[in-house]
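The values are calculated or read from the model by the stated rules, or taken from the named source; none is laboratory data. Computed from a predicted structure; not experimentally measured. Every residue, glycine among them, receives a Cβ derived from its backbone with ideal geometry; neighbour counts consider all protein chains shown.
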Amino acid sequence: MSTIELVAGEVRASCVRAGEQVVVSFLGTADAQVDAQLEGFLGQVHAMIEREPVAEVIADLRHLEFMNSSCFKAFVTWLVAVRRLPRASQYRIRFRASERHHWQKRSLHALSYFGGDLITIEAG
């Protein structure tokens, strides 16, 4: 089992790989003070998946209270990196969102334009 963690400002994130499943979970608030750390964390997640491929990653945002546009850009960078992989190496990202965080619906809808068919959004 592989694990990558981020603890920066008021955001916590973890990436856990157990067998063929990778779950990336977020908690707290992601603001401009942590955008570089978040981008680095997502870059590490992507590098791990390039070394040990999977078909799908679950990105659980249900406990992420807020994310500003600087941090949102880190997710766009991640999606662009996935799309740049050869088609056979690309992986899907399933975002789990919370309906109580209204910003997530708007933000994830916009994010789906960058990810296209690689993105699935689950609201719950």
| remark: With criteria (1) closer than 23 Å to Glu10 by Cα; (2) touching a helix residue (DSSP H, G or I) at 6+ places or on another chain (Cβ under 6 Å), Leu79 comes up short on (1)
| task | Please go through segment 111-124 and pick out each residue that is part of a helix (DSSP H, G or I) and loosely packed, with under 12 Cβ neighbours inside 10 Å. | result | Tyr113, Gly116, Asp117
| said: Could you tell me how many of the residues in segment 1-51 are charged (D, E, K, R) and farther than 21 Å from Ala81 by Cβ? | reply: 3
| field | Close pairs from segment 111-124: first closer than 14 Å to Ile58 by Cβ and touching a residue at least 40 places away in the same chain (Cβ under 8 Å), partner of a type outside the set (A, V, I, L, M, F, W, C) and in a strand (DSSP E or B), Cβ under 9 Å, at least 6 apart | value | Ile119/Arg92; Ile119/Arg94; Gly124/Arg62; Gly124/Arg96
| request: Of the numbered conditions (1) within 23 Å of Glu5 (Cα to Cα); (2) crowded, with 16+ Cβ neighbours inside 10 Å; (3) not polar (S, T, N, Q), His63 fails exactly one; give the number of that condition. | output: (2)
| What do you reckon, is Val7 under 14 Å from the mean Cα position of the chain (by Cα), among the β-branched types (Val, Ile, Thr) and surrounded by fewer than 18 Cβ atoms within 10 Å (Cβ to Cβ)? | no
| Failed item in (1) modelled with pLDDT under 95; (2) out of contact with any helix residue (DSSP H, G or I) (no Cβ under 8 Å at 6 or more places or on another chain), with Phe114 passing the rest | (2)
| message | Based on this model, can you work out whether Val22 counts as surrounded by 13 or more Cβ atoms within 10 Å (Cβ to Cβ), under 13 Å from the mean Cα position of the chain (by Cα) and over 18 Å from Gln104 (Cα atoms)? | response | yes
| task | Taking the residues in segment 85-110 that are surrounded by 14 or more Cβ atoms within 10 Å (Cβ to Cβ), in contact with a Gly (Cβ under 8 Å, 6 or more places away or on another chain) and not polar (S, T, N, Q) as candidates, determine which candidate is farthest from Cys15 (Cα to Cα). | result | Ala97
| remark: Counted residues in segment 6-27 being farther than 20 Å from Ile121 by Cα and in contact with a strand residue (DSSP E or B) (Cβ under 7 Å, 6 or more places away or on another chain) come to 5
